[in-house]
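Notes follow once the structure below has been shown.
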Amino acid sequence: MTTNIHITTKINNQPYEFLAPSYMSLLDALREIVGLTGTKEGCLDGNCGACTVNIDGRIVDSCLVLAAEIDGCDVQTVEGLATSEGLHPLQKAFLEEAALQCGICTPGFLVAAKGLLDNEPNPSEHRIRHWLAGNLCRCTGYDKIVKAVQKAASES
Amino acid sequence: MHPFNYVAPKTVEEAVNVLEKHGDKARPLAGGTDLLVQARGNKWDLEAVVDVKKIPEAMKLEASDDGLIIGSGVPCYQIYENEEVKKHYAGIVDGAFIIGGIQIQSRAAIGGNLCNAAPSGDAICPLIVYGATANIAGPNGERKIAVEDFCIGPGKTVIKNGELLVSISVPKPAKRSGAAYERFIPRNEMDIAVAAVAVSVVIDNTGENFESVNIALASVGPTPIVARKASDYLAGKPINDASISEAASIAKDEASPISDMRGTIEHRKHLIEVITNRMIKESVKRARG
């Protein structure tokens with residue numbers, strides 16, 4: 001017999017309270033319980049970064065976090081990037097630089113890149129590539145993604 | 001994922017009680033970057049995972065004159081962002097900095113890497129060359145075991161049912177000492193070591209000779225290997241290309257790799273010689289500041 005865990009958390013600065021099975025991943029809880037489907041499932045083993053979210057200021061693969069672990073935490077997902085004023089500078093830059101094709105990896109890249117720029121506003125190209133090594137894209141070949149991050153950095 | 005309960009005890013005693021109750025059907029959860037992948041693959045028949053991250057002793061990271069304490073749940077980024085650790089334990093930082101990518105390093109713990117006991121675990125050989133000790137709690141109290149004796153096979157450790165790795169103690173390095181760790185992978189990041197070497201050296205007060213040396217090899221045997229002959233050979237020898245090359249050659253013979261999808265026996269042995277040579281030189285460089 002397993003139990004449901006009562007989770008009180010903040011997601012994209014909004015308070016949330018929900019029950020999740022004790023063995024459910026944060027990824028599944030976000031998508032299936034909270035209803036935030038921007039975070040994508042990729043490899044389910046920590047290689048691809050498609051499910052990247054930010055917990056208390058650190059980027060993580062949400063497929064490798066249990067929902068039960070985020071009780072009391074502050075979670076940021078891709079849905080938290082745009083505001084009523086418009087798209088986040090990273091989102092604009094991704095569109096302008098055509099840094100996506102199929103789009104499945106894009107939410108993970110955006111949340112990961114934001115995690116970098118939040119702490120390092122002017123990273124080098126090498127630093128950007130190193131930081132994004134945990135995110136896989138099978139369409140773009142990465143150059144456009146790196147250019148988009150550099151553009152967002154230079155404009156914010 | 002196969003259903004299991006989630007328990008987040010606040011004390012070591014409570015954690016040990018839960019682990020003892022469930023026997024081999026419970027696993028401690030640190031960063032989860034190995035455990036949750038294995039749980040999905042049904043490697044374990046789990047009734048419960050025991051999250052160690054609410055236990056203060058498991059989250060302690062403290063460098064003092066007595067050495068370094070690394071709680072078993074402390075994630076990689078806390079290791080390589082800590083100024084004291086960077087200054088005195090550069091070899092441990094080398095390992096923490098190359099485990100997975102940034103997302104993994106936010107969660108993956110040094111203690112978890114040790115308990116996962118992969119022959120390629122990047123945190124383990126650095127701990128060995130620093131002479132680290134594992135602090136284990138269990139139903140019958142606490143015990144300590146050298147990290148070099150901790151892994152007993154691929155994925156197998158000395159931890160028994162009901163026991164918990166609480167922390168790792170690393171002695172304060174001697175004066176005129178340095179350590180380094182490097183692995184070979186065909187990619188730049190996000191890969192598993194084909195072969196890897198950690199070295200620590202203490203040099204004598206003339207600065208010209210090795211006083212003592214520890215060399216440990218990863219991914220070239222069922223567990224991390226202490227290259228005892230190569231280490232002993234260098235003690236008291238002058239620091240020069242000839243002695244370092246000879247030690248690297250001895251280390252090569254102490255490796256006992258297998259051929260698999262990542263590399264052949266010949267390739268891995270060659271890598272051990274090359275990386276051992278480099279890491280001895282890097283350790284000397286760090287020891288000389």
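The values are calculated or read from the model by the stated rules, or taken from the named source; none is laboratory data. All of these numbers come straight from a predicted model, not from anything done at the bench. Cβ placement follows ideal geometry from the backbone for every residue including glycine, while neighbour counts extend to all protein chains displayed.
Is it fair to say B:Thr11 is at pLDDT 95 or above, out of contact with any Leu (no Cβ under 8 Å at 6 or more places or on another chain) and farther than 13 Å from B:Met1 by Cα?
Details: at pLDDT 95 or above: yes; out of contact with any Leu (no Cβ under 8 Å at 6 or more places or on another chain): yes; farther than 13 Å from B:Met1 by Cα: yes.
Spelling it out, B:Thr11 is indeed at pLDDT 95 or above, out of contact with any Leu (no Cβ under 8 Å at 6 or more places or on another chain) and farther than 13 Å from B:Met1 by Cα.
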Q | Residue list for region A:110-128, restricted to those being out of contact with any His (no Cβ under 8 Å at 6 or more places or on another chain) and either small (Gly, Ala, Ser) or buried (at least 17 other Cβ atoms within 10 Å of the Cβ) (or both) | A | A:Val111, A:Ala112, A:Ala113, A:Gly115, A:Leu116, A:Leu117, A:Pro123, A:Ser124, A:Ile128
Q. Any idea which of B:Glu282, B:Glu211 is of a type in the set (D, E, K, R) and not in a helix (DSSP H, G or I)?
A. B:Glu211
Q. Quick one: would you say B:Ile92 is closer than 29 Å to B:Leu271 by Cβ, away from every other protein chain (no Cβ under 14 Å) and not in a strand (DSSP E or B)?
A. yes
Q. Do we have B:Val18 as of a type outside the set (S, T, N, Q), in a helix (DSSP H, G or I) and touching a helix residue (DSSP H, G or I) at 6+ places or on another chain (Cβ under 9 Å) here?
A. no
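What number of residues within region A:110-125 are within 14 Å of another protein chain (Cβ to nearest Cβ) and in a loop (DSSP other than H, G, I, E, B)? Spell out the reasoning first.
The initial filter retains those residues of region A:110-125 that are within 14 Å of another protein chain (Cβ to nearest Cβ), namely A:110-120, A:123, A:125.
Narrowing the set further to residues that are in a loop (DSSP other than H, G, I, E, B) leaves A:120, A:123.
Matching residues across region A:110-125 total 2.
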**Q.** Subset tally (residues that are under 17 Å from B:Ile102 (Cβ atoms) and of a type in the set (S, T, N, Q)) for region B:64-90
**A.** 2
(Q) Taking the criterion of being buried (at least 18 other Cβ atoms within 10 Å of the Cβ), aliphatic (A, V, I, L, M), not assigned by TED's automatic domain parsing to the domain that holds A:Gln150 and not in a helix (DSSP H, G or I), would at least one residue in region A:86-109 satisfy it? (A) no
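So in region B:177-207, with the set limited to residues that are in a loop (DSSP other than H, G, I, E, B) and touching a His at 6+ places or on another chain (Cβ under 9 Å), which one is farthest from the other protein chains (Cβ to nearest Cβ)? Before the answer, list the steps.
First, pick out the residues of region B:177-207 that are in a loop (DSSP other than H, G, I, E, B): B:185-194, B:204-207.
So of that shortlist, the ones also touching a His at 6+ places or on another chain (Cβ under 9 Å) come out as B:188-189, B:194.
Details: B:Asn188: 7, B:Glu189: 4, B:Val194: 17 Å.
Filtering first and then ranking leaves B:Val194.
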Q. Which one is farthest from A:Leu19 (Cα to Cα) among residues in region B:9-58 that are crowded, with 16+ Cβ neighbours inside 10 Å, under 24 Å from the mean Cα position of the chain (by Cα) and of a type in the set (Asp, Glu)?
A. B:Glu57
Q.
Take the residues in region B:27-42 that are within 15 Å of B:Gly155 (Cβ to Cβ) and not in a loop (DSSP other than H, G, I, E, B); name whichever of them is nearest to the other protein chains (Cβ to nearest Cβ).
A. B:Val37
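Just one of A:Leu44, A:Leu19, A:Leu27, A:Leu36 is on the phi > 0 side of the Ramachandran plot and free of Cβ contacts under 8 Å to residues at least 60 places away in the same chain; which is it? I'd like the intermediate steps shown before the answer.
Details: A:Leu19 fails: on the phi > 0 side of the Ramachandran plot; A:Leu27 fails: on the phi > 0 side of the Ramachandran plot; A:Leu36 fails: on the phi > 0 side of the Ramachandran plot.
Exactly one residue qualifies, and that residue is A:Leu44.
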Q | Any chance B:Tyr6 is of a type in the set (Ser, Thr, Tyr) and either part of a helix (DSSP H, G or I) or buried (at least 23 other Cβ atoms within 10 Å of the Cβ) (or both) | A | no
Q: Take the residues in region A:71-85 that are of a type outside the set (A, V, I, L, M, F, W, C) and within 15 Å of the chain's Cα centre (by Cα), then tell me which one is surrounded by the fewest Cβ atoms within 10 Å (Cβ to Cβ).
A: A:Asp74
Q: Scan region B:245-268 for residues that are closer than 27 Å to B:Tyr89 by Cα and touching a residue at least 40 places away in the same chain (Cβ under 8 Å) and jot them down.
A: B:Ala251, B:Ala255, B:Arg268
Q. If you go through region B:67-80 one residue at a time, do you hit one that is away from chain A (no Cβ under 14 Å), in a loop (DSSP other than H, G, I, E, B) and over 11 Å from the mean Cα position of the chain (by Cα)?
A. yes
